[in-house]
């Protein structure tokens, strides 16, 4: 991933003042795509009328667009919603679903709810950790795979289960999961 | 829309029925087993066989037996097909042409199907959750229509007489809560539906929101009319995308039909609902934390009083009820308070939905009258532990609850009986454990969860849960002595007595309840004291710790 320093024109829409902001984007490949995503985010904030109480929804939108929430994005949200940066950062770090680090191309989310736990979900976590040589919350150095755990996604009847790129798979054995993870890891871009 | 329009829609929808209906479950559980492919294939097969005027393929909510999904049901002849694959769709469609069918069917006398009393989930598995007309045809919005013809005070009285208690866990009388909010001076009030079902292993609220989103909206509208609110918020956890999608769709449909908005059903009552999505925080199930989260803040609880009924969302009087509680309301309005009060036990009225999972044959959702025994739910409806293993314990109430040993399975399920044996009703999650599960491990699992989910505001919870987790780890790793166990018990009491909110106060419950019933498992892991001469005050494990 190339690190590019982008100088962007961002309209802080409620005041109508045009502000310049520098975005150091590690995940941003070109100025055009970044600009478009910022535009979509700004449009979303306009839709919620720049209300501070919509912060969680705005952060969800930002994460959907950028994949994770880095500081320039959080600062941009704070400025546009006229909130202290500390509050935006505080909210982003409080909730488990917000990711502050870039995620891998694929995400393997192992459910560690009670039903999955008693059916051996820890073995699934161990299997992915061994196969991909990463720990929970980490991404492989080649950016292929992220391993995360979640606390019950509410389909306990098919425990133990994993969410592989938003697709729920269960019940799954440690061997089957290892195979799936290996398939992902050996994929060519 | 007025009452006559509602009636017209109901009649039109009922007359629209085709002679043969195939229902395919399209809720999250079956989707994960491939239900959407089956549903698409069923529709395709009906088209290809030219049966579109005879056969109706409907995507329905969860029929309950999730472990056998995807489930497909045909009406003539009445049969339920488990674990259907898309290749079998053709065979099911051909039944309408009286062709023989070799597919495996569920036994219609299966205790899981016959042993339930469905009030809240009466429509699940029958109506199409994505169509307003389908809900209206099943007597939907009749409760609201009847409510609007009565005074708000009468409705609060009805709910009080019905004896309904909060289904979120604490079991606070719903009528009393409504009366408190209704008594607040006129002005801005809110109704919040708590759909932040964070308990791992509980999924009944997800099912209710997915299968009968309109029923939740109807319950909210009745509640709002009764307490004098005009704005509602549904707070749903982000882990439930289908529930969010269906609620949003239901709100759009209801608003367009005039069942939400201004002048609802020709009355002077106005009510709007918006959805707020969580972002993964268990503590947001606590009402003051939930309000903070709706306001866009970190989900941290605050001391009560003032209770949300006095000062809640934006400091206005706020009624917060759980999804299942609100979804029960329309049925009470339709059938009357006495009808509801006749079901259940003296202090716990009505039915309760339980999600049974873990080491169990039939996993899924069951709705049974209060007072049904745990044994009935786990062994008869659930079919017991598979693989010939012995049942060891049933965990109820999630991280705030406790483990009930097999010998106490004859306990009736109601709020008081469960708390008397050291557990709680909770939101209704039941995890069955067999002889291979080690109770200290289970206790540590829940403590890890609580330590992870503690918001960090108060010290007993933030520090106490981490220390409890360390002590449990020491015990499991066989590094602990009797002194450590004594300290564990002491610290459990301290965390329970001094934490700010329910999360901390109930975090020691899994430890205390497993210590109460499975003390020998802990003792077997202990090491002899490091300095045998040194004797600390001996505190035997109290058996009435909770």
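Computed from the C-beta positions of residue A:87 and residue A:166 and an R0 of 25 Å, the FRET efficiency is 0.25 to the nearest 0.05.
Per-residue shielding of B:20-33, expressed as the average number of other chain Cβ atoms within 10 Å of the residue Cβ, stands at 3. Counted residue by residue at 0.36 nm each, then reduced by the alpha carbon distance between them, the extension gain from residue B:389 to residue B:249 reaches 45.9 nm. Overall shape: oblate for segment A:87-155, with the ratio a/c of the largest to smallest alpha carbon gyration tensor axis at 1.5 or above and b/c at least equal to a/b. Going by a ≥ b ≥ c, the root eigenvalues of the Cα gyration tensor, does segment B:413-494 fall in the rounded group (a/c under 1.5), the prolate group (a/b larger than b/c) or the oblate group? Oblate shape, in that a/c is at least 1.5 and b/c is the bigger or equal ratio. If you look at the Cα atoms of chain B, you get an Rg and a Dmax of 24.7, 88 Å. Under a no-solvent Debye model with one identical scatterer per Cα of the protein assembly as shown, what's log10 I(q)/I(0) at q = 0.05, 0.06, 0.11 Å⁻¹? Each listed q corresponds, in turn, to -0.26, -0.37, -1.30. Please determine, in degrees from 0 to 90 and to the nearest 10, the orientation of helix B:482-498 with respect to the longest principal axis defined by the Cα atoms of chain B, where the helix direction is its Cα long axis. The answer is roughly 50 degrees. Using alpha carbon centroids, what distance separates segment A:111-185 and segment B:298-374, in Å? Their Cα centres are 33 Å away from one another. Please work out the C-alpha center-to-center distance from segment B:405-473 to segment B:108-184 and express it in whole Å. Here the two parts' Cα centres lie 30 Å apart. Summed over qualifying helices (DSSP H, 4 residues or more, each -39500 (n - 2.57)) and divided by its residue number, the protein assembly as shown shows a 222 nm mean residue ellipticity of -12000 deg cm²/dmol.
To the nearest 0.05, what FRET efficiency results for residue B:94 and residue B:494 with a Förster distance of 41 Å applied to their C-beta separation? Computed FRET efficiency for residue B:94 and residue B:494: 0.05. With all pairs of separate Cα atoms included, segment B:344-464 yields a Kirkwood hydrodynamic radius of 15.0 Å.
Placing pseudo-labels 7 Å out from each Cα toward the beta carbon at residue A:123 and residue B:524 gives an inter-label distance of 2.0 nm. Each of the peptides B:272-284, B:7-19 was scored by the mean count of other Cβ atoms within 10 Å over its residues; in descending order, highest first, they stand as B:272-284, B:7-19. Counting, for every residue in B:296-302, the Cβ atoms of other protein chains within 10 Å of its Cβ and taking the mean gives 5.
Compared with the dominant principal axis of the Cα atoms in chain B, helix B:213-227 is inclined by about 80°.
The alpha carbon gyration tensor of segment B:159-284 gives principal lengths a ≥ b ≥ c with a/c of 1.5 or higher and a/b no greater than b/c, which makes the shape oblate. Rounded to the nearest 10 degrees, the inclination of helix B:323-335 to the longest alpha-carbon principal axis of chain B is 50 degrees. Shown for segment B:211-349 is the translational diffusion coefficient from the Stokes-Einstein equation, using the Kirkwood radius over Cα pairs, a temperature of 4 °C and a viscosity of 1.567 mPa s: 80 µm²/s.
Quick note: the coordinates plus some simple rules give every number you see, no bench work behind them. Here the structure is a predicted model, which means the values were calculated and not measured. Please note: Cβ atoms are built from the backbone with ideal geometry, for glycine as well, and neighbour counts cover all protein chains shown.
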